[in-house]
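Everything below concerns the one structure shown next.
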Amino acid sequence: MDPALEFLLKTERSLWRGRDQYYEPNNLPTGFAALDKALPGGGWSTGCLTELLPKRKGIGELSLLLPALQALSNNNEWVAMIGPPHIPNAPALANAGIVLERLLIVDTDNDADTLWSTEQLLRSGTFSAVINWVEKSSSKQLRRLQLAAEQSECWAVTYRNARAVDEHSPAALRILLDTAQQYHDETVTTGLQLDLIKVRGGATRQVIIKAHQFDTPQGTEWPVTKAGRSGT
Amino acid sequence: MLWAALYFPELSLDMISHNDGCSNKNQVTDPLPAVATCVVIQQGAQRLLMSCNRAARNLGLRSGLPLKSAYAVCPDLLTIEYDVDQQQQYIEQLSLWALQYSSWVTPVMPNTIMIEIEASLSLFGGLPRMLTTIFNDTRQQGLQMQMGIAPNPSAARLLSQFGITPNSENNNAENDNAGNDERPISDKVAMTDSTSLLKHLGEIPVSCLPLDDFTLKGLRQSGIRHCEQLFDLPASSLARRFGQSCTELVFKLQGKLPDPCPAFQAPERFTHSLDLALEAPDSQALQFPLNRLLSALGGFLRTSDLGVKKLNIILKHHRLPRTVITLGFLEATADHKHLLKIASERLLATSIPAPAIAITIDAESLATVTRNGKDLFNKSQSQAVSIQQTVDLLSARLGTDKAYTLALQQDHRPEKVLERKAAKSNIPSPKTPSRSGDTHSTSWPARPIWLLQEPVLADQSITPRSSAERIENGWWDTDDVRRDYYIAEDDTGAWYWAFTLRQSPDNRQFYIHGYFA
């Protein structure tokens with residue numbers, strides 16, 4: 001960079017780089033080097049809402065969060081899942097090294113209850129990470145969650161249907177999730193493709209997490225050998 | 001010893017009102033409903049008004065007025081029958097509440113509570129602060145109260161009835177924007193040493209003394225107007241002329257004669273109810289009586305050093321079966337604010353079939369409270385309390401067993417391996433935090449994160465990619481499972497946990513049982 005510019009940035013207090021504004025040194029490492037690099041602050045940012053939009057089930061959409069959840073729960077921090085679409089399978093979570101006693105599951109009957117519970121947990125200040133699943137949520141409801149997350153410095157994640165990709169959202173980070181297929185010679189390796197469609201304080205880009213990178217957070221060998229795999 | 005006498009002049013009126021007196025704290029709101037209400041007592045053949053609320057007083061009604069005349073003034077007057085048993089219950093309920101200030105509380109019928117406060121002074125941070133606490137607590141419950149403090153119970157009682165109204169004093173102090181300046185109240189109310197007490201008692205008219213009419217008449221005829229004159233009389237002539245009871249009273253007031261007050265014993269189980277003067281149509285209107293009952297429960301729990309694990313709120317309706325709302329708590333709690341929060345949340349979520357005419361709370365299972373010493377450096381310790389409170393709050397709205405943690409069972413059948421457990425606050429921290437993958441104690445082969453409630457027949461074509469994992473278990477009970485599990489992939493690249501039934505090996509139909517999310 002131009003030394004004159006550098007000098008100005010150091011001396012003038014009214015000048016700063018847009019990216020630095022959102023730099024949080026205490027962000028949660030995602031456990032995936034490529035993703036850490038793409039996110040401002042080098043990890044999942046706490047104190048704001050992260051929105052994940054998986055295009056289909058079974059592509060590794062939850063495995064993406066496992067390393068961070070593992071780190072939190074082992075640090076004696078509380079983690080909550082609200083309104084999961086299916087039964088969270090304890091053996092898989094235990095394999096991933098998550099302390100089950102530190103993971104609170106909340107079953108809800110409808111979206112209103114899910115959003116209410118999420119807000120309560122965010123505001124309680126007891127939880128370090130709160131993840132929820134909603135069928136439909138308005139921008140106003142998400143804004144409430146975003147505000148609650150800001151207040152409690154909590155890592156809030158919401159899973160929404162990928163159809164909501166064009167809707168306006170107050171979330172600080174929005175990621176569209178899909179399978180990625182790469183062709184090497186004759187074998188097909190699959191992975192998880194992350195389209196960062198909104199990154200506050202960063203640039204939108206595409207990140208691909210290769211299938212084998214999920215092995216470590218999963219804690220088990222993937223028994224599939226011949227073809228590739230996309231996340232467990 | 002130092003006695004505080006709390007005198008509730010309008011107890012029966014205050015107790016039935018369910019208008020929230022603490023809604024605006026800065027001014028003394030009349031805690032009674034705007035409807036003219038009176039307490040009626042049967043005296044001989046006549047029914048007389050015993051006390052009236054402000055709305056009734058504004059209409060010109062006074063206590064002592066016959067009910068018939070009162071109806072002439074105000075046809076839609078709301079009347080409450082004076083009931084000794086009811087009064088007894090009220091005063092006991094207040095005694096329970098007062099037990100949080102001292103272990104020595106004596107209820108005196110019909111409407112006074114004696115509290116021995118000297119032993120509690122340092123706990124509450126001195127006399128002025130303690131008095132302010134008591135005033136504020138009574139005001140929050142919407143009760144009118146007068147207080148007297150003296151070294152002996154009789155004098156304290158007399159002072160309280162003589163009408164020193166600390167409430168107004170307290171407000172003056174607040175209006176002067178001197179919230180910390182609590183001196184005026186304590187100076188005015190509290191007679192902590194016997195010289196100032198005697199001086200103060202001396203000014204009280206004799207007619208206020210709790211003596212029978214005959215003695216009072218005799219005193220009046222002898223030209224004795226104030227207590228000072230009474231105190232100056234020699235004891236022997238006092239006894240000769242006015243009888244034993246008068247002499248005893250004078251000696252007790254002066255502290256020359258012991259004045260025993262039996263300490264109130266809290267009952268083992270807590271059940272209290274309130275009759276509502278106006279029907280409460282919704283849960284919002286029930287907030288105030290609920291608050292009052294729960295404060296009494298809080299005082300009761302604190303003194304008995306117990307916590308409540310299960311609480312029933314029973315609403316009585318007119319000609320309809322009662323509504324019973326049961327609150328369960330994760331751990332025994334004695335925190336009145338927490339109880340109120342949970343109960344309100346639950347009441348709001350419950351639909352009430354008809355207006356309630358009475359509310360009862362019944363603390364069923366009492367248990368000792370586990371109090372965690374707070375560790376300054378350990379965050380999880382201070383979290384411990386709030387996690388239960390958060391879970392209680394969720395269960396109040398969503399229903400019990402909706403918030404839980406998972407645990408592993410020793411069973412290989414996927415449906416049986418999960419166990420739901422109530423979230424526990426104080427778990428031992430993990431022994432060796434495993435940070436890298438290879439230190440995980442891997443006891444399970446690859447398992448999907450999402451497990452379906454019921455396996456579904458796969459309607460899309462899926463291709464098994466792994467070798468079969470046979471799960472064969474449970475032949476001894478009804479859920480016999482004989483399946484070959486595969487990790488399978490479909491065309492779009494999504495991964496499933498699917499199985500075929502071993503009972504029908506020819507029919508290779510896949511059932512999906514989970515997603516590798």
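Points worth noting:
- Identity of the residue in segment A:189-223, modelled with pLDDT under 80 and in contact with a strand residue (DSSP E or B) (Cβ under 6 Å, 6 or more places away or on another chain), that ends up nearest to the other protein chains (Cβ to nearest Cβ): A:T190
- Matching residues in segment B:493-511 - criterion: being at pLDDT 80 or above and either surrounded by fewer than 22 Cβ atoms within 10 Å (Cβ to Cβ) or within 19 Å of A:R56 (Cβ to Cβ) (or both): B:A494, B:W495, B:Y496, B:W497, B:A498, B:T500, B:L501, B:Q509, B:F510, B:Y511
- The residues in segment B:36-65 that are open to solvent by 40 Å² or more (accessible area, probe 1.4 Å), not in a helix (DSSP H, G or I) and not aliphatic (A, V, I, L, M) can be counted, and the count is 9.
- The set of residues from segment A:78-92 being within 8 Å of another protein chain (Cβ to nearest Cβ) and either hydroxyl-bearing (S, T, Y) or closer than 25 Å to A:D113 by Cα (or both) comprises A:W78, A:P84, A:P85, A:H86, A:I87, A:P88, A:N89, A:A90.
- Of all residues in segment B:293-315, those that are part of a strand (DSSP E or B) and surrounded by fewer than 17 Cβ atoms within 10 Å (Cβ to Cβ) total 2.
- From A:L121, A:L115, A:L147, residue being farther than 24 Å from A:I209 by Cβ, free of Cβ contacts under 8 Å to residues at least 24 places away in the same chain and of a type in the set (A, V, I, L, M, F, W, C): A:L147
- Meets criteria (on the phi < 0 side of the Ramachandran plot, open to solvent by 20 Å² or more (accessible area, probe 1.4 Å), at pLDDT 85 or above and within 14 Å of chain A (Cβ to nearest Cβ)) for B:Y486: yes
- Output for segment B:70-115, where each listed residue is assigned to a helix (DSSP H, G or I), open to solvent by 50 Å² or more (accessible area, probe 1.4 Å) and under 14 Å from B:S12 (Cα atoms): B:V84, B:D85, B:Q88, B:Q89, B:E92
- Whichever residue in segment A:93-103 is at the interface with chain B (Cβ under 7 Å from one of its Cβ atoms) and not in a helix (DSSP H, G or I) and, among such residues, is farthest from A:P67 (Cα to Cα): A:L103
- Test: residue in segment A:104-114 that is facing chain B (nearest Cβ under 7 Å), more than 12 Å from A:I131 (Cα to Cα), open to solvent by 20 Å² or more (accessible area, probe 1.4 Å) and outside any loop (DSSP other than H, G, I, E, B): yes
- Residue under evaluation A:F127, criteria (1) open to solvent by 20 Å² or more (accessible area, probe 1.4 Å); (2) at the interface with chain B (Cβ under 9 Å from one of its Cβ atoms); (3) in contact with a helix residue (DSSP H, G or I) (Cβ under 9 Å, 6 or more places away or on another chain), criterion not met: (1)
The values are calculated or read from the model by the stated rules, or taken from the named source; none is laboratory data. No experiment lies behind these values; they were computed from the predicted model shown. Because the Cβ atoms are built from the backbone with ideal geometry, glycine has one as well, and the counts that use them run over all protein chains shown. Accessible surface areas use protein heavy atoms only, side chains included; no ligands, DNA or RNA. Shrake-Rupley method; radii C 1.70, N 1.55, O 1.52, S 1.80 Å.
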